[in-house]
1. Please work out which one of (1) modelled with pLDDT under 95; (2) among the polar types (S, T, N, Q); (3) open to solvent by less than 30 Å² (accessible area, probe 1.4 Å) is the condition residue A:85 fails and give its number.
2. If residue A:49 meets every condition in (1) surrounded by fewer than 15 Cβ atoms within 10 Å (Cβ to Cβ); (2) away from chain B (no Cβ under 14 Å) apart from one, which number is that one?
3. Could you say whether any residue in segment B:5-15 is open to solvent by less than 10 Å² (accessible area, probe 1.4 Å) and within 16 Å of ligand 1 (Cβ to nearest atom)?
4. Search segment A:258-286 for residues that are within 14 Å of chain B (Cβ to nearest Cβ) and pair each with any residue that is open to solvent by 30 Å² or more (accessible area, probe 1.4 Å) and aromatic (Phe, Trp, Tyr) when their beta-carbon atoms are under 9 Å apart and the residues are at least 6 apart or on different chains.
5. Which fully enclosed strands (runs of 3 or more DSSP E) of segment A:34-96 have 1 or more residues being polar (S, T, N, Q)?
6. Being free of Cβ contacts under 8 Å to residues at least 24 places away in the same chain, more than 14 Å from residue B:106 (Cα to Cα) and within 11 Å of another protein chain (Cβ to nearest Cβ) is the filter here; which residues of segment B:32-58 pass it?
7. All but one of (1) open to solvent by 10 Å² or more (accessible area, probe 1.4 Å); (2) in the same structural domain as residue A:274 (by TED's automatic domain parsing); (3) within 20 Å of residue A:359 (Cβ to Cβ) hold for residue A:147; state the number of the condition that does not hold.
8. Which condition does residue A:431 not pass, out of (1) open to solvent by 30 Å² or more (accessible area, probe 1.4 Å); (2) closer than 30 Å to residue A:348 by Cα; (3) touching a residue at least 40 places away in the same chain (Cβ under 8 Å), if it passes all the others?
Amino acid sequence: MTRTEEEPARPTEPLEPLNPRAVGTSPVRLDGPAKVTGTAPYAWEHALRDPVYVHPLQSAIARGRVLRMETGRAEAAEGVAAVLTPRNAPRLADSSDRALAVLQSDDVAFRGQFIGAVLAASPEAARHAASLVDVEYEVEPHDTRLSSDRPDLYRPEAINPADEADTEEGDVEAALAAAHAVVDETYSTPMEHNNPMEPHTCVAVWHGASDDGEPALTVYDSTQWPYGVRMTLAPLFALAPERVRVISPHVGGGFGSKGLPHAHHVLAVLAARTVPGRPAKLALTRQQMFCLTGHRTPTIQRVRLGADSGGRLTALSHEAVEQTATIKEFAEQTAAQSRMMYASPNRRTSHRLAALDVPVPSWMRAPGEAPGAFAAEVAMDELAHALGLDPVELRVRNDPETDPRDGRPWSDRRLVECLRTGARRFGWDARTEAGARREGDWLVGLGVAASTYPGFGGPGSVAEIERTSDGGHAVRIAAADLGTGTWTVLTQIAADALECPFDAVHLEIGDTALPTATVAGGSAGVTAWGSTIVAAAREFRAQHGEDPAPGARTRSGMPENPDLRRYSVASFGAQFAEARVHADTGEVRVPRMLGVFSAGRIINPRTARSQFIGGMIMGMSMALFEESVLDHGTGHVVNHDFAQYHIPTSADVLDIEATWLDGPDPHAGPLGSKGIGEIGIVGSPAAVVNAVYNATGIRVRDLPVTPDKLLRY
Amino acid sequence: MDSQLTLHVDGEPRSLTVDNRTTLLDALRDRLGVTSPKKGCDHGQCGSCTVLLGGRRVVSCLTFAVAHDGAEVTTAEGLAEADGRLHPLQQAFLDHDGFQCGYCTPGQICSAAGMLAEAEAGHPSSATADGDGPGGVPRPVPLDEEEIRERMSGNLCRCGAYGNIVDAIRAVAGR
Ligand code: FES
Ligand code: FES
């Protein structure tokens with residue numbers, strides 16, 4: 001990911017593999033006692049004196065201009081310190097990123113956009129005063145409707161994170177025309193929202209006249225990337241990066257939505273500048289999160305598959321249509337995994353965007369892979385049906401020997417083993433013909449799908465090691481723990497890298513006072529930060545020997561892993577689901593799911609299992625529940641709370657198990673580890689939908705699978 | 001309008017003045033600095049703010065502080081012993097990895113503590129086959145997995161720790 005200004009020289013020799021001792025064991029989470037008592041401080045919870053509470057004002061139209069804001073009554077209300085509007089808000093030094101140019105113009109580009117804020121002595125006073133502001137708009141017609149026949153669909157320059165929008169290989173049309181069996185279907189996934197349990201929170205303190213007379217900024221944040229917040233905010237407020245400190249020791253979930261700074265960061269700092277020296281506290285409400293923290297774009301995906309009579313793919317075409325915003329582009333890589341998942345001599349992938357009057361879409365757990373694999377893996381199920389072939393067998397027959405994108409060898413692709421192991425453990429051979437198994441009022445079926453996630457995780461982080469006076473080692477890196485187990489697993493890695501006991505490592509993370517770290521995103525965090533710690537530990541030993549004096553200290557980055565150029569590195573998995581569909585009501589229950597993953601070395605089986613299962617549950621949720629309903633009349637997500645945007649609760653989650661194939665990936669770096677945070681949500685939605693088909697004979701191609709889609713009229 | 005009141009929070013009397021619009025949750029978090037209960041939705045829809053009020057579980061975002069003058073409030077922090085020893089539920093959550101990000105966790109644990117007491121007192125849930133014992137006397141409801149899932153469904157966990165949470169609670173309920 002992005003390199004920062006603070007990276008010292010890093011070693012260039014590739015790192016030797018780590019000798020695992022603590023790695024591979026399951027210590028209980030180090031942050032656990034603080035989490036179960038509720039004393040681990042999240043962003044809102046740092047003890048700060050004399051705060052002001054910030055309540056945002058939001059646009060009630062989806063496109064147009066703010067003409068007039070009547071703020072007199074709000075300003076006169078008890079406890080109010082200030083009311084910010086586009087007219088009086090401090091000017092930013094850089095407003096080129098329109099998603100972050102908060103209160104810098106009167107323009108409204110989506111409904112719910114910030115148009116002001118009330119600062120007051122209590123949350124109640126701020127919220128009440130916000131209701132007293134009258135706003136007059138110049139309303140322009142807005143357009144929020146995504147469709148695949150819009151004339152203004154365009155091809156983006158690149159797709160997330162940095163890939164080409166389209167690929168074309170061979171002659172897809174001719175191959176389809178000549179194929180023994182063809183699938184040509186269109187699938188859709190809805191807009192979805194990450195909804196981490198901790199709302200996005202930013203507490204900013206502007207030190208107008210710090211000791212040296214220069215201003216400085218402290219931000220208590222909930223972020224997957226402390227240095228990303230620093231690097232984004234500093235230029236907006238004309239501060240040198242080292243004048244901005246971001247503190248984020250604990251993050252209450254993120255799933256991508258806390259990966260990049262959003263407009264609320266800027267609003268909190270604008271507020272802080274208005275009351276120098278006082279903390280400005282801003283926590284978005286659950287409702288506000290639905291327009292201000294990013295979303296997963298809805299997708300419309302046409303998938304065409306052709307196969308010969310032996311069940312081998314002769315054509316694979318995956319064309320995706322998605323939305324982006326008018327103020328900033330985000331192009332999700334929906335079809336990208338269809339470039340590498342299966343072998344096919346003829347292949348096409350494409351991405352087309354519509355720029356709509358909506359908030360900017362962003363990362364949500366496995367952006368691209370999750371919705372893309374839904375369409376592709378349901379299409380594979382349809383092809384298996386058309387061929388009369390077992391869906392596991394179809395995938396096995398099309399497993400490519402090398403990466404179809406460029407012919408590189410796989411570093412460690414064991415998808416077939418995942419499929420076979422899973423089929424055996426899940427009791428796949430009990431699967432019947434579609435619609436053939438009924439137990440009482442319930443139709444029962446089994447489904448399978450394959451999963452993959454790219455192996456990211458390169459240089460860009462720096463770790464510091466220091467011998468402490470108690471004979472242990474301080475290990476410092478500005479990594480993030482958003483439930484990922486970072487506190488614990490980096491301590492395990494550091495203990496092995498320093499060849500010292502687990503409890504002799506004193507880890508410090510989540511603060512830009514520590515050396516820089518890349519984002520907790522792309523399932524790359526632990527691999528990137530852990531490899532950096534390995535590199536720093538070796539430098540430390542080289543510089544200071546086996547028994548250094550207290551205070552001995554080393555900082556280092558990590559070298560490039562040359563194998564990442566020679567080999568194609570990715571995680572793989574096979575997901576199995578059982579669905580029970582009520583014959584009369586269409587209610588769907590998922591009594592069993594099993595995921596078998598191949599993700600290189602597992603650092604901590606206890607926390608890894610939780611993360612895999614958490615991803616699979618989110619995948620089940622994507623299949624059955626999640627849908628942000630955008631009302632095109634207002635441009636507003638109407639079901640913007642947990643009563644209406646459904647996620648699973650305890651009663652929905654039955655027997656869900658995750659397991660993995662042992663062994664490090666020999667080419668994935670010194671840890672041999674690959675990403676585990678996202679792959680659980682890839683393929684699991686398709687496994688559930690395929691199980692529903694097997695139960696009912698009804699093929700649902702538009703998520704979520706609500707009961708109405710399963711009723712026969 | 002403001003009111004004066006006293007809350008007994010985790011065993012300590014705490015006197016405070018609140019705006020009458022202040023929820024119990026905000027009184028704890030913003031007035032008293034007791035941040036163990038979390039705010040996930042502020043609408044009674046997620047359970048993150050669950051505390052024990054007079055021994056019963058409530059979502060503290062849905063009730064006004066001013067209505068609880070003199071009340072006993074127990075948070076997850078207060079379930080642990082003063083010397084730091086964890087409540088059996090807290091230890092079970094650690095052992096079973098009953099959380100990831102930890103934000104829903106204090107609410108889950110308070111909810112579980114309240115739920116165990118409800119089952120012990122014979123309160124049925126929609127998963128309970130039959131309620132009372134002979135003569136209409138309530139009897140403790142045995143807590144199998146289905147009962148626990150049903151009774152814990154007011155507490156959302158976006159990290160998806162549900163299976164481990166149920167295992168943790170079963171380990172304690174079985175004692
Ligand atoms: S914060 Fe009270 S139920 Fe969600
Ligand atoms: S542990 Fe993250 S929401 Fe439950």
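1. If we test residue A:85 against (1) modelled with pLDDT under 95; (2) among the polar types (S, T, N, Q); (3) open to solvent by less than 30 Å² (accessible area, probe 1.4 Å), just (1) comes out false.
2. (2)
3. No, segment B:5-15 contains no residue that is open to solvent by less than 10 Å² (accessible area, probe 1.4 Å) and within 16 Å of ligand 1 (Cβ to nearest atom).
4. Once the first residue is within 14 Å of chain B (Cβ to nearest Cβ) and sits in segment A:258-286, its partners that are open to solvent by 30 Å² or more (accessible area, probe 1.4 Å) and aromatic (Phe, Trp, Tyr) give A:279/A:220; A:281/A:44; A:281/A:220; A:283/A:44.
5. Result: A:52-58.
6. Passing the criteria: B:33, B:41, B:42, B:43, B:44.
7. (2)
8. Here residue A:431 clears every test but (2).
The values are calculated or read from the model by the stated rules, or taken from the named source; none is laboratory data. What you are looking at is a predicted structure, and each value in this text was computed from that prediction instead of being measured. Cβ atoms come from the backbone with ideal geometry, glycine included; neighbour counts cover every protein chain shown. Surface areas here come from the heavy atoms of the whole protein model, side chains and all, with no ligands, DNA or RNA. Shrake-Rupley method; radii C 1.70, N 1.55, O 1.52, S 1.80 Å.
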